[in-house]
Structures are given as C-alpha cells and as structure tokens.
Amino acid sequence: QKEVEQNSGPLSVPEGAIASLNCTYSDRGSQSFFWYRQYSGKSPELIMFIYSNGDKEDGRFTAQLNKASQYVSLLIRDSQPSDSATYLCAVNRNYQLIWGAGTKLIIKP
Amino acid sequence: KAGVTQTPRYLIKTRGQQVTLSCSPISGHRSVSWYQQTPGQGLQFLFEYFSETQRNKGNFPGRFSGRQFSNSRSEMNVSTLELGDSALYLCASSGQGSDEQYFGPGTRLTVT
C-alpha cells in the first residue's frame, strides 16, 4: 500500500460544476496536508494546506480533512477550464513531503 | 517577494558526466528541499537542508548529494550520470516554523 493514494483519473467535470478530488494516507501520525496544482511542464503550485480536522475554504477551493478516516479532499467550486491540471496531494513527514501520484482533472467547457 | 529560483532551467549531459544544480530560496526561508520528478516514479524526495545541515535524506544512491550555504542557497550534485537520471529536478523552500513548501520552476535534466 502506498503511503499517499489518489485516483489517477482523468476526472472529467463540466464547466461550472464542483470538482471533488480525494486522497488517503496511511500514517496516522501525519499532521500537515497539502494540495498542489501542476500544469503540464510546470512545477507544482501550492493551492491549499490544512492541519486541523474539518473544512478550510479559500475562494473557490475547500480542503477537507478527516484524520479518523485518514483522508483529505479538495473541492473546487464553479470549475473553470483553467482548473484543468494535475492535482497532487502531499503529506509532511520529518521535513519531507510524501506525494500521491496525482489526479488529472479535465474541465469541459 | 521573489519566488524560488533555479538555475539552469535546462541541461543536456552525457552519461558518466556530473552536474550541479542551484537553488535560491524565497528571501527569509532557511529550509530547502530537493525533489526528482519523472513520469514513471512521480515526485520523490531527495534531501532537505536547514541552516546548512541536512535534516533528512531520501532513498537515492550516493551519487546524489547536496549542500546549503550560509545564505540558504543550495546546490545539488549528481555524479556519474545515468540515463535514468533524466528528470525534472525541483527545489522548494519553506519558512521557519512552517511546513508549507514553495517550488521553483525546476531544472529539466536530460542525460544522453
């Protein structure tokens, strides 16, 4: 079992709809969780981080953390074609980020 | 505030050669991490430095090494290059007391 797991997709969502991305992790001691967006040929860009159980909202993005179930999710409201990218989930452990394989999101106009 | 910078952006090397990549963190950030990204393996952690000390190292052979200078700039070196070292090498920095890592644009290394 990988330490951080994501559905590789692609996940296809109509423009204007809500995109829901999920990630599970295996280390119960994990404290910090991150979502990065990566466009093809570019470096990862930090879009959300969450440390406590519950929801954290920033503009159209909401991160949700459930430590008991060991999952973290990212919701993107009012999806735009520019949101089409690979979304990477990462967990911090001992000064390093442990990465999921990423979910490719496609927003269809 | 300027972001993380990496030089060079692109490199083509021959098997057996060595290469040095450079990273300048965001001003005030003292932690620098290095990652390798390939289509097959995804993102993999190489090492992390804070105040010139390596605090953690990933599962890479000894051909991969790094260092950090007193101004927090960091370099990584790969000796005796192999074809499999072709990858995007990413540097990220974070501030003191923060886990959030911010990435530079990366160095695309091609080994022929």
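Output the residues belonging to the stretch A:1-45 that are closer than 28 Å to B:Arg108 by Cβ, of a type in the set (S, T, N, Q) and assigned to a loop (DSSP other than H, G, I, E, B). Can you show your working first?
Going through the stretch A:1-45, the residues closer than 28 Å to B:Arg108 by Cβ turn out to be A:2-11, A:21, A:23, A:34-45.
Now drop any that are not of a type in the set (S, T, N, Q), which leaves A:6-8, A:38, A:40, A:43.
A:Asn7, A:Ser8, A:Ser40, A:Ser43, listed by residue number.
Tell me the strands (runs of 3 or more DSSP E) entirely within the stretch B:13-112 that contain at least 2 residues that are buried (at least 16 other Cβ atoms within 10 Å of the Cβ) and at negative phi.
On the way: elements: B:19-24, B:31-38, B:42-50, B:53-57, B:64-68, B:74-78, B:87-94, B:107-111.
Once the strands (runs of 3 or more DSSP E) in the stretch B:13-112 are filtered for at least 2 residues that are buried (at least 16 other Cβ atoms within 10 Å of the Cβ) and at negative phi, what remains is B:19-24, B:31-38, B:42-50, B:64-68, B:74-78, B:87-94, B:107-111.
Hey, does the stretch A:36-48 have a residue that's open to solvent by less than 30 Å² (accessible area, probe 1.4 Å) and farther than 23 Å from A:Tyr95 by Cβ?
No, the stretch A:36-48 contains no residue that is open to solvent by less than 30 Å² (accessible area, probe 1.4 Å) and farther than 23 Å from A:Tyr95 by Cβ.
Given the criterion open to solvent by 30 Å² or more (accessible area, probe 1.4 Å) and among the hydroxyl-bearing types (Ser, Thr, Tyr), identify the matching residue among A:Ser8, A:Ser30.
Working: A:Ser30 fails: open to solvent by 30 Å² or more (accessible area, probe 1.4 Å).
After applying the criteria, what remains is A:Ser8.
Pairs under 6 Å by beta carbon, first residue at the interface with chain A (Cβ under 9 Å from one of its Cβ atoms) in the stretch B:35-49, partner of a type in the set (A, V, I, L, M, F, W, C) and open to solvent by 60 Å² or more (accessible area, probe 1.4 Å), six or more apart or different chains?
B:Gly42/A:Ala101
Please go through the stretch B:53-90 and give me each residue that is facing chain A (nearest Cβ under 9 Å) and either in contact with a Leu (Cβ under 7 Å, 6 or more places away or on another chain) or not basic (Lys, Arg) (or both), ordered by number.
Across the stretch B:53-90, the qualifying residues are B:Asn56, B:Gly58, B:Leu88, B:Leu90.
Considering the stretch A:53-109 alone, what residues qualify as being within 12 Å of another protein chain (Cβ to nearest Cβ), more than 19 Å from A:Tyr39 (Cβ to Cβ) and open to solvent by 60 Å² or more (accessible area, probe 1.4 Å)?
Of everything in the stretch A:53-109, those that are within 12 Å of another protein chain (Cβ to nearest Cβ), more than 19 Å from A:Tyr39 (Cβ to Cβ) and open to solvent by 60 Å² or more (accessible area, probe 1.4 Å) turn out to be A:Arg93, A:Asn94, A:Tyr95.
Does A:Asp27 meet the test of being under 20 Å from B:Tyr102 (Cα atoms) and charged (D, E, K, R)?
Details: under 20 Å from B:Tyr102 (Cα atoms): no; charged (D, E, K, R): yes.
For A:Asp27, the condition - under 20 Å from B:Tyr102 (Cα atoms) and charged (D, E, K, R) - is not met.
If you check A:Asp55 against the conditions, is it touching a residue at least 24 places away in the same chain (Cβ under 8 Å) and more than 11 Å from the chain's Cα centre (by Cα)? Spell out how you get there, then give the answer.
Working: touching a residue at least 24 places away in the same chain (Cβ under 8 Å): no; more than 11 Å from the chain's Cα centre (by Cα): yes.
Taking the combined requirement at face value, the residue does not satisfy it.
Given the condition in contact with a Phe, Trp or Tyr (Cβ under 6 Å, 6 or more places away or on another chain) and among the hydroxyl-bearing types (Ser, Thr, Tyr), answer yes or no: does some residue in the stretch B:6-27 qualify?
For the stretch B:6-27, residues in contact with a Phe, Trp or Tyr (Cβ under 6 Å, 6 or more places away or on another chain) and among the hydroxyl-bearing types (Ser, Thr, Tyr): absent.
Of the conditions (1) farther than 18 Å from B:Gly42 by Cβ; (2) over 13 Å from the mean Cα position of the chain (by Cα); (3) at pLDDT 95 or above, A:Ala63 fails just one. Which one is it?
(2)
Scan the stretch B:60-74 and tell me whether some residue there is of a type outside the set (S, T, N, Q) and touching a residue at least 40 places away in the same chain (Cβ under 8 Å).
At the first step, the residues of the stretch B:60-74 found to be of a type outside the set (S, T, N, Q) are B:60-64, B:66-67, B:69, B:73.
From the residues that got through so far, the ones that are touching a residue at least 40 places away in the same chain (Cβ under 8 Å) too are B:73.
Among the residues of the stretch B:60-74, at least one is of a type outside the set (S, T, N, Q) and touching a residue at least 40 places away in the same chain (Cβ under 8 Å), which makes the answer yes.
Cβ-Cβ distance below 6 Å, separation of 6 or more or different chains: which pairs start in the stretch A:22-45 with a residue that is hydrophobic (A, V, I, L, M, F, W, C) and end on one that is open to solvent by 20 Å² or more (accessible area, probe 1.4 Å)?
Every condition considered, the pairs that remain are A:Cys23/A:Gln6; A:Phe34/A:Phe49; A:Trp35/A:Ile47.
The values are calculated or read from the model by the stated rules, or taken from the named source; none is laboratory data. All figures in this text were calculated on a predicted structure; none of them were measured in a lab. Note that each Cβ is placed from the backbone with ideal geometry, even for glycine, and that neighbours are counted across all protein chains shown. Side chains are part of the model used for accessible areas, which takes the heavy atoms of the whole protein and leaves out ligands, DNA and RNA. Shrake-Rupley method; radii C 1.70, N 1.55, O 1.52, S 1.80 Å.
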